[in-house]
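**Q** Quick one: the structure is below, questions incoming.
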Amino acid sequence: MNDNKAVFKIHINGSVEDVWREITKTDEPQQCFFNSVLDTEGLKPGAQIRMRTVSGRYTAVVGEVVEFDPPHRYAHTMRFTQYDDPPCTVTYELIEKDTGVEFVITLDGLQPGTKSAKSMIRGASFIMNTLKSLVEKGKAPLSSRVVFALGGVLEGLSPKSMSSENWPLSRQV
Amino acid sequence: MKPDSMDAVFRALASETRRRILDIVKDQPGRNVNGVCTFFDMSRIAVMKHLRILEAADLIVSEKKGRSRRLYFNAVPLQMIYDRWTTEYSVFWAERLTDIKYRLESRRAKKTRKKK
């Protein structure tokens, strides 16, 4: 019955629009996704997406939009460029409540025990925490900002497989 | 996390049965209610009551799939409790200590099994 699925749910005191903007904006780095820059020709089903470093030199995540229904539902496939694991699907759901927004991340098709699965499960907690703080307090928690700073310093050590040259939007993944 | 939602988490965790339900669901994400019931010697209604308390605390998230309800463990409320009281420094030392405890205890458990 194990369906290789994981679910993460958090309550955020804020508006659906604010949460939606944090996860879909392309005009500035997305702090909740490890300060990556979302590169796409337009979010709609079938569109390619890339999560690139702020400098644009490296690409950590590649995928394709599966569902795009603002401001309540967004799903995309994703694969880490540094691992050779099969892609999985991430779904973000935003549900309006009297007291704010219920935000749910569902990960489908994770291969148990792979590096990707470990990164995704650890990553989901980071995303939720950072997002909650961004929407409620207007800034990322200190621990997340430390991670961003380290990311900037360590960027140069990224393996060749992550180089953005290998991952143009024209390449179907 | 608001004080009352943290209360709900602690209340949900203050029961060995509910903690076991979390173990069961975590080990096999997507298990349905019947799958959980097989582990317990109590009525389905009693299990459902525990599940409702766990869901109210967001420790379990359920999803309807056809006629059955699939259950998933949600670690976020625990992460938030953890974040509230631990710092980089305390994590370092607390992890060292729990590591030692788990290692010694599993070694002792192995020894006693051998003696038998």
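**Q** Excluding A:Arg50 itself, calculate the net charge of residues whose Cβ lies under 13 Å from the Cβ of A:Arg50, where each Lys or Arg counts +1 and each Asp or Glu counts -1.
**A** Details: positive: A:Arg52, A:Arg57, A:Arg79, A:Arg171; negative: A:Asp39, A:Glu41, A:Glu64, A:Glu165.
That sum, taken over residues with Cβ under 13 Å, equals 0.
**Q** Can you list the residues, at least 5 places off or on another chain, whose amide H is less than 5 Å from the amide H of A:Val61, using H built in the peptide plane?
**A** Long-range HN contacts for A:Val61: A:Met51, A:Thr81.
**Q** At a threshold of 8 angstrom on Cα-Cα distance, excluding pairs fewer than six apart, so keeping six or more, what relative contact order does chain A reach in percent?
**A** Numbers: 334 pairs, mean separation 46.2, N = 173.
Computed over chain A, the figure is 27 percent.
**Q** A follow-up question, please. For Cα pairs less than 8 Å apart in space and 6+ apart in sequence, what is the mean separation divided by the residue count of chain B, i.e. the relative contact order in percent? Could the numbers behind the result be given before it?
**A** Working: 84 pairs, mean separation 28.7, N = 116.
After rounding, I find 25 percent.
**Q** Quick one: putting +1 on the C-beta of Lys and Arg, -1 on the C-beta of Asp and Glu, what dipole do you get for the protein assembly as shown around its Cα centre, in Debye to the nearest 20? Mind dumping the intermediate values first?
**A** Values: 47 positive and 35 negative charges, 410 e Å.
It comes to approximately 1980 debye.
**Q** A further question on this structure: What is the ratio of the Cα radius of gyration of segment A:109-173 to 2.2 N^0.38 Å, where N is its residue count, to two decimals? Write out the running numbers ahead of the final one.
**A** Values: Rg = 15.1 Å, N = 65, 2.2 N^0.38 = 10.7 Å.
For segment A:109-173, the normalised Cα radius of gyration is 1.41.
**Q** Under a plain spin-label model, where a point goes 7 Å from the Cα along Cα-to-Cβ, how far apart in nm are B:Thr86 and B:Arg69?
**A** Those two pseudo-labels are separated by 3.1 nm.
**Q** Which trypsin sites (Lys or Arg not before Pro) from segment A:76-155 combine a DSSP loop assignment with at most 16 other Cβ atoms within 10 Å?
**A** A:Lys139
**Q** For segment B:76-116, rounded, prolate or oblate, judged on the Cα gyration tensor with a ≥ b ≥ c (square roots of eigenvalues), a/c < 1.5 rounded, else prolate if a/b > b/c?
**A** Working: a/c = 7.22, a/b = 2.51, b/c = 2.88.
Oblate, because a/c is 1.5 or more while a/b does not exceed b/c.
**Q** Which residue fluctuates most in the GNM of chain A (Cα springs below 10 Å): A:Val19, A:Val61, A:Val147?
**A** Of A:Val19, A:Val61, A:Val147, the Gaussian network model singles out A:Val147 as fluctuating most.
**Q** Using θ = phi - 60° and the Karplus form 6.51 cos²θ - 1.76 cosθ + 1.60, what ³J(HN,Hα) does each residue of segment B:66-73 get, whole Hz, x for Gly and Pro?
**A** Result, rounded to whole Hz: x, 9, 10, 9, 8, 10, 10, 7.
**Q** From the square roots a ≥ b ≥ c of the eigenvalues of the alpha-carbon gyration tensor of chain A, which class results: rounded (a/c under 1.5), prolate (a/b over b/c), or oblate?
**A** Working: a/c = 1.43, a/b = 1.23, b/c = 1.16.
Rounded is the answer for chain A, as its axis ratio a/c remains below 1.5.
**Q** Which angle between 0 and 90 degrees, to the nearest 10, do you get for helix B:3-13 versus the longest principal axis of chain B when only C-alpha atoms count?
**A** 80
**Q** Which shape class applies to chain B: rounded if a/c is under 1.5, otherwise prolate when a/b exceeds b/c and oblate if not, where a ≥ b ≥ c are the square roots of the Cα gyration tensor eigenvalues?
**A** On the way: a/c = 2.39, a/b = 1.27, b/c = 1.88.
Note, shape of chain B comes out oblate.
**Q** Please work out the FRET efficiency for the pair A:Leu43 and B:Leu104, using the Cβ-Cβ distance as r and a Förster radius of 30 Å; give the result to the nearest 0.05.
**A** Calculated transfer efficiency: 0.05.
**Q** Then there is this: How do A:Leu169, A:Leu38 line up, fewest other C-beta atoms within 10 Å first?
**A** A:Leu169, A:Leu38
**Q** Oh, and also: Which residues among segment B:60-90 fall inside the zone where the amide N is under 12 Å from a point 7 Å beyond the Cα of B:Ala14, along Cα→Cβ?
**A** none
**Q** Same structure again: For the protein assembly as shown, what does the helix formula give at 222 nm: sum of -39500 (n - 2.57) over DSSP H segments with n ≥ 4, over the residue count, nearest 500 deg cm²/dmol?
**A** Details: 9 runs with 124 residues, N = 289.
Dividing the helical sum by the residues of the protein assembly as shown leaves -14000 deg cm²/dmol.
**Q** Measure out, as a whole number of angstrom, how far apart the alpha-carbon centroids of segment A:98-137 and segment B:58-116 sit.
**A** Using only Cα atoms to place each centre, the spacing works out to 18 Å.
**Q** OK, next. Using all Cα-Cα distances in the protein assembly as shown, what percent lands in each 5 angstrom bin from 0 up to the longest?
**A** Taking all Cα pairs of the protein assembly as shown, the binned fractions are 1, 5, 10, 14, 16, 16, 14, 10, 7, 4, 2, 1, 0, 0 percent.
**Q** Looking at this model, which pairs from A:Lys115/B:Lys65; B:Lys2/B:Lys26; A:Lys44/A:Lys139; A:Lys132/B:Lys26; A:Lys25/A:Lys139 are more than 20 angstrom apart at the alpha-carbon? Don't skip to the end; give the middle numbers.
**A** Details: A:Lys115/B:Lys65 29 Å; B:Lys2/B:Lys26 25 Å; A:Lys44/A:Lys139 28 Å; A:Lys132/B:Lys26 24 Å; A:Lys25/A:Lys139 16 Å.
In this structure, A:Lys115/B:Lys65; B:Lys2/B:Lys26; A:Lys44/A:Lys139; A:Lys132/B:Lys26 exceed 20 Å between Cα atoms.
**Q** Still on this structure, please answer the following. Where does each of B:Leu54, B:Leu13 land when they are ranked from fewest to most other beta-carbon atoms within 10 angstrom?
**A** Values: B:Leu54 26, B:Leu13 18.
Ordered from fewest to most neighbouring Cβ atoms within 10 Å, B:Leu54, B:Leu13 come out as B:Leu13, B:Leu54.
**Q** Let me ask something additional. Please give the FRET efficiency for A:Asn166 paired with A:Thr114, using the beta carbon to beta carbon distance and R0 = 22 Å, rounded to the nearest 0.05. List each step's numbers first, then the result.
**A** Working: r = 21 Å, r/R0 = 0.94.
The value I calculate is 0.60.
**Q** Moving on. Rounded to whole Hz and in sequence order, give me ³J(HN,Hα) for segment B:77-85 from the Karplus expression 6.51 cos²θ - 1.76 cosθ + 1.60, θ = phi - 60°, writing x for Gly and Pro.
**A** Taking θ as phi minus 60°, the curve returns x, 5, 4, 6, 5, 4, 4, 5, 10 Hz for segment B:77-85.
**Q** Working from the pairwise distances between different alpha carbons, so that the mean of 1/r is found and then inverted, what is segment A:56-106's Kirkwood radius in Å? Walk me through the numbers on the way to the answer.
**A** On the way: mean 1/r = 0.0802 Å⁻¹.
Result for segment A:56-106, one decimal place: 12.5 Å.
All of the numbers you see were taken from the coordinates with simple rules; none came from a lab. Computed from a predicted structure; not experimentally measured. Every residue, glycine as well, gets a Cβ built from its backbone with ideal geometry; the counts of neighbours run over all protein chains shown.
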